[in-house]
Each structure stands twice: as C-alpha cells, then as structure tokens.
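Worksheet: the structure to be examined is printed underneath.
Only the coordinates and a few stated rules stand behind these numbers; no lab work does. Here the structure is a predicted model, which is why all the values come from computation and not from measurement. Cβ placement follows ideal geometry from the backbone for every residue including glycine, while neighbour counts extend to all protein chains displayed.
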Amino acid sequence: MIELKEVYKTYPNGVLAVNGINVKIRQGEFVYVVGPSGAGKSTFIKMMYREEKPSKGTILINGIDLAQMKNSKVPLLRRNIGVVFQDYKLLPTLTVYENIAFALEVIEENPKTIKKRVMEVLDLVKLKHKARFLPTELSGGEQQRVSIARSIVNKPKVVIADEPTGNLDPETTWEIMDIFKEINDRGTTIVMATHNKDIVNNLKRRVIAIEGGKIVRDQARGVYGYES
Amino acid sequence: MKARTARRHVREGLRNLRRNGWMTFASVSAVAVTLMLVGVFLTVILNVNHIGTTLEKDVEIRVLVDLTATKEQQRALKDEIKKIDHVTTVKFSSKDQELDNLIKSMGQDGQAFELFEQENPLNDTYIVKTDSPDKIAPVAKKIEGLHYIDEVIYGKKQVQKLFKAVSVGRNIGLVLIVGLLFTAMFLISNTIKITIMARRREIEIMRLVGATNNFIRWPFLLEGLLLGVMGAILPIALILTGYNVVYNMLMPKLAGTMFTLLPFSPFVYQIAAILIGIGAVIGMWGSVMSIRKFLRK
C-alpha cells in the first residue's frame, strides 16, 4: 500500500513542485496520474521510487517511510518497485534477454532463477521469439514491452510508469495497456502518469489529477478531463 | 560477495579497459611516467638518507688530550666532558690503540709503520658521541674550553653542510613526489570519468533496478586498480635494471670511502612493492573520486 501524507517538495532552485499532497493507494489498484505539464506529476512519480526526496511529509510504501529512508536502503526499495519510462531505458549493447536478466544480475540472483524468471516475463509480454534480438532491432512498442518485462522480473508489488505510451502510436499503445492490465489483474499495483486521453477514458480506472502541485480531483472510475 | 559477482566485476573492469583502449593507454603511460619519477626520486632519496644516517652514526668528536696531563687529570677531564649536555658516550682510546688503528686503516702501506721503532707521537684520545649530529659543533666548542686539551677534531663545516643538503634534499623530494602523485591520481580519475560517462545509462538503470552502490562501484574500482598497477610495471622494470647497472658501476668506486649504496636486494624489491602499492592506491582513489558524484542520492 502507498500512502502520502502532507507531502511537499521544493527544489533547490525554489520551485514548489508538490504543495501538500495526501493520497492513499491500496494494493492492487490501477491509478492514472493526469494533469498539465509542469503540474507536479513527474515529481509525484519520482518521489514514489525515491528518485526525489520530499521536503516535508511522509511517503509510506508497505509501511516504510521513504522520506526517512537512508540512502543505503534505496536499492532495496527499488527491488520492490518496477519503473517504466517513456524512453524505455534499455541498454543498446545487450539483447532483449540480457536486458531483462540484467535487473536480476545486479541484485545477485542465482542464474537458474534468472533464466526461469526472464522466460516467464518474456512469455507475458509475448516476446519469447525475440529474446536474442538487440533493442535497436525492435519496434518502439516491442522495446517498451521489454522495458515492462524488466520492471516486473523481480516481482515487485508496485509498478510505476511515467508516460509509458508517450512515444507510441495508438495501436501499439493498446498492446502496452493490455500488458499493464494483465499485470494489474495479477495483483500488482500500477501508478501511471499519462497524457493520453484515449486510454484514460476507455480503460476506466482511478484518476488522480494534479494541478499546481495539489490533487484537484480523485475519481474511482474517472475520465481524463483535459483537452489533449 | 559471491564468487560469481566477483567474476562479473573483474570481467566488467577488464571490458572497460579494452573499450577505452586509447584512454587506457594514455593514463597507463601517465602513471608510468609519474611512477618512474617517483621511483627514481625514492631510490635517490633513500640512498642519500642511507648515506646520511651512516655518516650521522660515524660522526664523533675526537678530543686529543694534552701530553702533559696526568692520569688523574685525564679522568677529571672525562668526567667534565660527560657533564656536557647531549653527550652520550665518552670512550677512552690510548695512544697505543690510536696507533694501531692508524696502522690498520692504512692497509698495506701501514705495515711500514710496524718497523717504526720510535716513540709513539700520538695523543691519548677521548672519542665523544652526541645524541644528535647537529649538537656536534656546540659540544666541541665547549670541550675546547676545558683544560688539558691539545686539540678537538670533528667534521666541522663539511659535516654540517652535508646534513643540511641531506635534509633539504629529502624535503624537496617529498614535495615533488606528493605533487606527482596528485597528478597521476587526477589522470586516472579523468580516464575513469570518461568510462563512467560512457556507461552513465547503464549506471542509471542499475540504480533503478536496485543495484547497490558497491555493486556499481566495484568494476570501476578494479579498473582504477589495474590502471595503477599496469602503470607501475614499466617503471619497476626500468628501476630494477637501472639500479643494478648503477650499483655495479658505483660500488667499486666507493670502496674505501664511508659511502655505500643500499644493497640491490631487498632494496629494489621494496621500491617495486612501494610503486605497485602507490599505483594501486592512486588508481582506486582516482576511480572512487570520479564515480562519487554519479552515485549520490
């Protein structure tokens, strides 16, 4: 479970990006985070995997306060949170298989488990047949599927996605959304920042709208609510 | 750390060195040049130091006692010398012993003296040592003021000049070495910074998927270590051979003087160990310095 209490974030340059956010996200929820550019969405997302530290307030993930968390514990947090980005962040010199396995290798998982887990997630994202390809040999949608596979390969309870479909065409976007839905159906919490009106309005889930660093709307089965 | 992980780190470190071929070459050369200079300096300084300490140990004041002094007066003189500050030992050497020493020190030529059946012209002598070489001159001055002294002999100015030169040399050498070491460290740190830049994305992803900082750091640490150690190899080889040549050339010429060089073994092996150690330390330090800012937060 994720819980933010009275969270503020001021950047060193004085910009107040998050201005008192209170929100609870239960295990297994699917949450869209929407709002105009510069509203504080990204900061909100980044604080959840502790890329940014809140200036004030508490962020609890499974009972652990990220604001109080020591830097040395951050890697352990990251092992329980999958992160997906708009630009995939794959390593160009590694194959699809190696890119996914990388996430387990760096946490010193044993080779047997690595192989088993990688094959499982490759199956889930339907890329088994491209395991030996390099990222550059894949389409954007396929690359994003690799990235998603990597984010869930160590079975995190939460997957955080920052504009995962931002670079994709509508058809591919739905392929990606189907995968997220599948992951969510298996019990993983999904928090997704997006600008895509279409997916928010069609795959109806909880919508949190952020403007000026505050939550201005929180609907159980919401709509996008902005002109895009 | 698991053995598998250790192997991975070594593999990654080596891959980095290969991938940045020319940078690797450049920084290894830079380290080699630096360590060469450090090595030569060290060799010279340690030898100068060695000569210095040998001389320091040898420096003594020879007090030639007036021939007219009686045994009683000699004893009184000895007590008086002993009372002077910084005097550690006062040894009596009779004029017969002095003659023996003189004859011995002249080797073959000295044998002629054994035929010399005259009265011994030498004085009874007190050999005075002080606790530190720079006290020689003041102590000698004080002894000169005592009664029944024929002459006080010590190295005087030459000795003092030598000591001064030795200590100045030591200090200059140290400053230069420290400067050079910083240069080498800077160069290694720069090389590693470039390899880190090339792998920024990889580091970012490693951090995202939960690799610990140590895990990320290790390959770079090993890379730095290898750069440093590789840089030490050439200087060690050169100093090993060079010292051998110089040693064999100079030692015969120095025979008979009080100057000696440090013997080849274990001295050069100590130098080798020091250079490898320095190379390794500056290599790792350089890499730690350059990776630090990528691992913040």
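Observations on the structure shown:
- As a proxy for reagent exposure, ranking B:L208, B:L234, B:L42 by other Cβ atoms within 10 Å from fewest up yields B:L234, B:L42, B:L208.
- Debye equation applied to the C-alpha atoms of chain A, log10 I(q)/I(0) at 0.11 Å⁻¹: -0.54
- If you plug the beta carbon distance of A:R132 and B:V175 into 1/(1 + (r/R0)^6) with R0 = 60 Å, you get a FRET efficiency near 0.55.
- Order of A:K128, B:K2 under a 10 Å beta carbon neighbour criterion, fewest first: B:K2, A:K128
- Comparing B:S287, B:S265, B:S189 in a Gaussian network model of chain B, where Cα atoms under 10 Å apart are tied by springs, the biggest mean-square fluctuation is seen for B:S265.
- Unit charges on C-beta of K, R, D, E only; dipole of the range B:60-154, Debye: 500 debye
- Highest-MSF residue in chain B out of B:G13, B:G277, B:G21 [GNM, Cα springs under 10 Å]: B:G21
- Pairwise label distance in nanometres, A:T93 with A:E6, each label 7 Å out on the Cα-Cβ vector: 4.9 nm
- Contour excess over end-to-end distance, with Cα ends at A:K204 and A:V15 and 0.36 nm allotted per residue: 64.8 nm
- Hydrodynamic radius of the protein assembly as shown per Kirkwood, over alpha carbon pairs, in Å: 29.9 Å
- Other protein chain Cβ atoms within 10 Å, averaged over every residue that makes up A:48-59: 1
- Projected onto planes of every orientation and averaged, the convex hull of the alpha-carbon atoms in the range B:60-154 covers 6.4 nm².
- For chain A, built as a Gaussian network whose Cα springs stay under 10 Å, the top-fluctuating residue of A:N71, A:N196, A:N13: A:N13
- A Förster distance of 45 Å, applied to the separation of the beta-carbon atoms of B:E151 and B:L238, puts the FRET efficiency at 0.35.
- Projected label distance in nm at B:V168 and B:R4, using a 7 Å step from Cα toward the beta-carbon: 6.5 nm
- Fully extended contour minus Cα-Cα distance, from B:F186 to B:F92, at 0.36 nm per residue: 27.9 nm
- Packing-based exposure ordering (other Cβ within 10 Å, fewest first) of A:Y32, B:Y148, A:Y97: B:Y148, A:Y97, A:Y32
- Applying 1/(1 + (r/R0)^6) with r as the Cβ-Cβ distance of B:V246 and A:E120 and R0 = 60 angstrom yields a FRET efficiency of 0.30.
- For a straight C-alpha distance cut-off of 20 angstrom, the aspartates and glutamates reachable from B:K71 (same-chain residues fewer than eight places away being disregarded) are B:D79, B:E80, B:D96, B:E98, B:E119, B:D124, B:E144, B:D150, B:E151.
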